[in-house]
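Enquirer: I am attaching a structure below and will ask some questions about it afterwards.
Here, each number is a calculation from the coordinates, and none is a lab measurement. If you're wondering where the values come from, they're calculated on a predicted model, not measured in any experiment. In this analysis, Cβ positions are derived from the backbone assuming ideal geometry, glycine residues included, and neighbour counts consider all displayed protein chains.
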2 protein chains.
Amino acid sequence: MDTAVATRGRPREFDADEALAAALRVFWTRGYEGASLTELTEAMGITRPSLYACFGNKEALFKKALDLYETEKLAYMETALEAPTARGVAERLLRGALQNQASTCDPKGCLGVISSVACGPEAEAIKAEVVARRASSKRAVVDRFARAKAEGDLPEHIDPEALTNYVFALFQGLSVQSGTGTCCEDLGRMVDTALAMWPGR
Amino acid sequence: MDTAVATRGRPREFDADEALAAALRVFWTRGYEGASLTELTEAMGITRPSLYACFGNKEALFKKALDLYETEKLAYMETALEAPTARGVAERLLRGALQNQASTCDPKGCLGVISSVACGPEAEAIKAEVVARRASSKRAVVDRFARAKAEGDLPEHIDPEALTNYVFALFQGLSVQSGTGTCCEDLGRMVDTALAMWPGR
DNA sequence: TGTTTTTCATACCGCTCGATATAGTGATTC
DNA sequence: GAATCACTATATCGAGCGGTATGAAAAACA
């Protein structure tokens, strides 16, 4: 967050980071379109003009919330790639997602999935943004799985991209189910089942 | 569809089934909230009063569209349960979903997933409806996998419900990815990868 | 033919949406 | 202490939302 300090003039009376965190929670539960400015400003504890002065507009606010989401809630994705085996990578990815869903104070589901599924005409730019961000993180996983294959860590007949899409599909399905009421224990057994099928070892 | 023929009065100038099919396509691409009455009536080729006279309101229209969707696009789910093996059931479920996504004239993604992911306050009843319908179809798959386990068709350590959630997660992930631009060939390889991991045989 | 019944077309309802204009308030700098 | 600047509060903007009132048009009854 750019905590730019403009020394002149009246200082801001609210904490921009806290307000952004509150906005993130609203977007997370409602989606981009489902989150109204009224609900956003009430959750953030600020008025509409303050929101526009500080964050630009609704779309800019969403993108900043998305930044926060990625750095705070999706950080495990990068570290997961450091696991020694492909199976370890998959396990860290899925268990990381599981752990996120287990948090009792965060909304259920995945902001990325929520924001990329359906939308009216106005939110298609948002959807495109989210899809583009997902593509870049997907590429990192594909590369990691390709390396694993080269290291003999994956069977020869496995396609790294297909395997990545498979893991992402599980991740997305997990998010959908979590958002629709499936409890964490059931989700954990689902992940266990998936990992038990992992090829080789 | 109830093609109730009320002989009295001016006859309807549009085909209710065609109109409902058009409405389904709009809901399918936009989601419940993203589909406005303007877009719906334009796609259906009727006026607002005609829509309300024939279908009730937006929510009732959605539920009828959901009925149509289930009977037309999700029929393969019931027949999939008749496959001789659990693996065959899973394969039919996933390939059926794949085939749906391959249709060039239908919208991408799954209406059930789209409608159950995120929503504003007004659409939570819709979300609950969709979640309830999914629960009933899930139960059928759980029962089928339990039978498979009793028949020695699945390893003893497999939990039927967890396996069902796993298959549904793949299905939902497939829908999410299809809705965000992943091509059918890639989705096909993803399904192949998943089926290659299926336990036993 | 005249009445009844239902549908269609237009225009409109109150409401909420995202976004701002206008003032007034308050802290910092010169 | 005065000038300056950014923030707050209120009130409102035009547009679009879901939903409807009002008649005219068209077919089936009598």
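Enquirer: Per residue, what volume in Å³ does the Cα convex hull of the protein assembly as shown take up?
Expert: 148
Enquirer: Sticking with this structure for a sec: Provide a whole-number value for the mean count of partner chain Cβ atoms within 10 Å of the Cβ atoms in peptide B:104-111.
Expert: Per-residue shielding by partner chains comes out at 1.
Enquirer: For peptide B:174-185, how many partner chain Cβ atoms fall within 10 Å of a residue's Cβ, on average?
Expert: Going residue by residue through B:174-185 and averaging, the value is 5.
Enquirer: While we're on this one: Sort A:178, A:50 by Cβ crowding within 10 Å, fewest neighbours at the top.
Expert: Arranged by neighbour count, lowest to highest, A:178, A:50 become A:50, A:178.
Enquirer: Taking a cut-off of 20 Å between Cα atoms, list the lysines near residue A:138, but don't count ones fewer than 8 places away on the same chain.
Expert: Leaving aside lysines fewer than 8 places away in the same chain, those within reach of residue A:138 are A:63, A:73, A:127, A:149.
Enquirer: Using the Cα centre as the reference, give the magnitude of the dipole from point charges on the C-beta atoms of the protein assembly as shown (Lys, Arg: +1; Asp, Glu: -1; all else neutral), rounded to the nearest 20 debye.
Expert: 180
Enquirer: Still on this structure, please answer the following. How many angstrom lie between the C-alpha centres of segment B:139-160 and segment A:162-201?
Expert: Going from one Cα centre to the other spans 18 Å.
Enquirer: With 10 angstrom as the radius, rank A:183, A:54 by how many other C-beta atoms surround their C-beta, starting from the fewest.
Expert: So the residues, fewest neighbours to most, are A:183, A:54.
Enquirer: Could you tell me which of rounded, prolate or oblate describes segment A:80-183, using a ≥ b ≥ c as the square roots of the eigenvalues of the alpha-carbon gyration tensor, with rounded for a/c under 1.5 and, failing that, prolate when a/b is larger than b/c and oblate otherwise?
Expert: oblate
Enquirer: Shape of segment B:103-152 from its Cα gyration tensor (a ≥ b ≥ c, root eigenvalues): rounded if a/c is under 1.5, otherwise prolate when a/b > b/c, or oblate?
Expert: oblate
Enquirer: Sort B:198, B:28 so that the residue with the fewest other Cβ atoms within 10 Å of its own Cβ comes first and the one with the most comes last.
Expert: Listed from fewest to most nearby Cβ atoms, that is B:198, B:28.
Enquirer: Place +1 on the Cβ of every Lys and Arg and -1 on the Cβ of every Asp and Glu in chain B, take the dipole about the Cα centre, and give the residue among B:79, B:53, B:66 whose Cα lies farthest towards its positive end.
Expert: Checking the options against the dipole of chain B, the answer is B:53.
Enquirer: Let me have the relative contact order for chain A, percent, based on Cα pairs under 8 Å that are six or more residues apart.
Expert: Relative contact order of chain A: 21 percent.
Enquirer: How far is residue B:59 from itself in the other copies, in nm, if each label sits 7 Å out from Cα along the Cα-Cβ line, shortest first?
Expert: In ascending order, 3.3 nm.
Enquirer: Using a label point 7 angstrom from Cα along Cα-to-C-beta, what distances in nm, from shortest up, separate residue B:183 from the other copies?
Expert: 4.5
Enquirer: Please report the net charge: other residues with Cβ closer than 13 Å to the Cβ of residue A:70, K and R +1, D and E -1.
Expert: Value of the local net charge: +1.
Enquirer: Shortest first, in nm, what separates the label point of residue A:79 from those of the same position in the other copies (7 Å along Cα→Cβ)?
Expert: Label-point distances to the other copies, shortest first: 4.9 nm.
Enquirer: Pick from B:83, B:53, B:97 the residue whose mean-square fluctuation is largest in a GNM of chain B, springs joining Cα atoms under 10 Å.
Expert: B:53
Enquirer: Still on this model: Helix-only mean residue ellipticity at 222 nm, the protein assembly as shown, DSSP H runs n ≥ 4 weighted -39,500 (n - 2.57), per residue, nearest 500. What is it?
Expert: Calculated at 222 nm, the ellipticity per residue is -22500 deg cm²/dmol.
Enquirer: Related question: Can you give the average number of partner chain beta-carbon atoms within 10 Å of each beta-carbon in peptide A:159-165, as a whole number?
Expert: 6
Enquirer: Could you tell me how many degrees, from 0 to 90 and to the nearest 10, lie between the Cα long axis of helix B:160-179 and the main elongation axis, the longest principal axis, of the Cα atoms of chain B?
Expert: 50
Enquirer: Hey, got the dipole for segment A:37-77? About the Cα centre, +1 on K and R Cβ, -1 on D and E Cβ, debye to the nearest 20?
Expert: Using only the charged Cβ atoms, the result is roughly 100 debye.
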